[in-house]
Amino acid sequence: MTALRAATLLFLPLLLAACASVPELDRQMLRSEREPVRIEGAHGVLTRAQSQKILDDLRKRSPDSDIIAQHMAVEEALTDNPLSIGNKVTLLEDGKATYASMLAAIRTARHHVHIESYIFEGDEVGEEFARALMERRRAGVKVRVMYDSVGSIDTPKEFFAQLKDAGIEVVEYNPVNTGTVLTEGLRLNHRDHRKLTIVDGRVAFLGGINISSVYTPSGGSSGGSGTSGGGSSSSGGGSSPSGGSASDKAKKELPYADKPWRDTAVRLEGPVVADLQRAFVEMWQGQTKTALDAQGLFPQLQAVGNSVVRAIEASPEKGPNPLYVTLISAIECADRSVHITNAYFVPHPELMGALKAAARRGVDVRMILPSKTDSWLVIAAGRSYYEDLLEAGVRIYERKSRLLHAKTAAVDGVWATVGSTNLDWRSLSTNSELNAVVLSPDFGAQMEAVFQQDISHSEEITREAWARRPLSDRAREMTARAWILML
């Protein structure tokens, strides 16, 4: 590591610690009167009568819950993106299936590939993606890659240089170096935490999965048949020509290093891909200060499925993450179940209140959180909230045997979200994030099946057992919580 990179890493925690406190959520979003819900199809925004028919059809498919109508009404106040019908949503579990589907799509690209990733490592997985991207570029396909400077700080610069040399456009988001630390100050605390891949403007991938071998440490190559997308890999083994990576260190030092991280993503096809493309273009143009040629980026998209989807973007410049208000609204509307899986849980008071209120009125509120993590401070701070939640009737599980990195939630079996947003202060107010909210009983059933599978690999934290934990643990939790709240 160079002296400059070492100095940057040493200084960065002090920089992050100086950020402002978490802002209050705009509860007026939930209380104000709203316009009728807009729904967008393959040929544009639908009329009010057409939109109402969609709502009625959704209610017929889920007659036991009014969560869809209530949630749609609230979301209308939160984002410029209309609800989008006619989408196909494929749930992808973990790195092997996700990377196989992503690489298969990339290898068929004809016009462009757009990748935005918080972490893009130069390990065997990163090199496999690099080879696929460079091959497409040689075939005349436009390829653009944006990575976060902090998230990818351990990736050798030579790795990205090889992409540039191959004609790929590469952008480092909010670069961190001696010069920017001195001139940009707290603005460097704004990070691009999104994970988004778009191929030809027709298929998109998003979720919590970065490009890194920590998601496939036992399998080496990320290609192969997979469960959610074909395409074979020819990784070839051997060491990375660009040098070591953070994942090499992770394999040696992090908990459950011999097992892939547990995470979730979705593959999206249909009209919502245009909203995700606009999100990428806006982020790219904001960072490069140059306009992209839109020709070919927004093809005509046909209905390919029956899921209603909304893309929800968050940016520090636009205020608190709107997914928080959306999630709180869904929880407040829930009448059967709230099932949350999240890697980093340091909740805002509004979220705590919604979870406890739902449990007290008889809703099945369950949360799967990590038993071990790559951030002891966050996990200890999160555990300081367990007692209040358990007393209210919330059931808490800690995932065993694998490091949990997923960020998902499902309500009443019909509302679900998958994306990059953690339930902590950074995702609320500091990071740029991206989530998909899916309104679909079919997708809700898939989410529920995965949730139950994770439950089977988790240990429930009971109120009685938690009350018996050592005083040293309590002190550690409260210290971590106080430190987090001062950030």
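Values quoted throughout were computed directly from the atomic coordinates according to the rules given, and no laboratory measurement underlies them. Source: prediction; values computed, not measured. Here the Cβ is made from the backbone with ideal geometry for all residues, glycine too, and neighbour counts use every protein chain on show.
Stretching Asp258 away from Glu135 to a fully extended chain increases their span by 41.1 nm, per 0.36 nm per residue minus the current alpha-carbon distance. Legend: distances between Cα atoms for Lys195/Lys318; Lys157/Lys400; Lys142/Lys195; Lys318/Lys400; Lys259/Lys407; pairs beyond 30 Å are Lys157/Lys400; Lys318/Lys400. Listed by Cβ neighbour count within 10 Å, with the fewest neighbours leading, Arg262, Arg463 appear as Arg463, Arg262. Distance between the C-alpha centres of segment 428-487 and segment 353-371: 10 Å, rounded to the whole angstrom. Each peptide in 400-413, 314-327, 204-217, 274-287 receives the mean, over its residues, of other Cβ atoms within 10 Å, and ordering these scores from highest gives 204-217, 400-413, 314-327, 274-287. The distance between label points at Glu387 and Asp473 comes to 1.3 nm (points 7 Å beyond Cα on the Cα→Cβ vector). Based on C-alpha pairs under 8 angstrom that are at least 6 apart in sequence, segment 412-461 has a relative contact order of 42 percent. Extension gain for Gln302-Ala449 works out to 50.0 nm (0.36 nm per residue, less the C-alpha to C-alpha distance).
Between the beta carbons of Arg361 and Glu459, assuming R0 = 22 Å, the FRET efficiency works out to 0.25 to the nearest 0.05.
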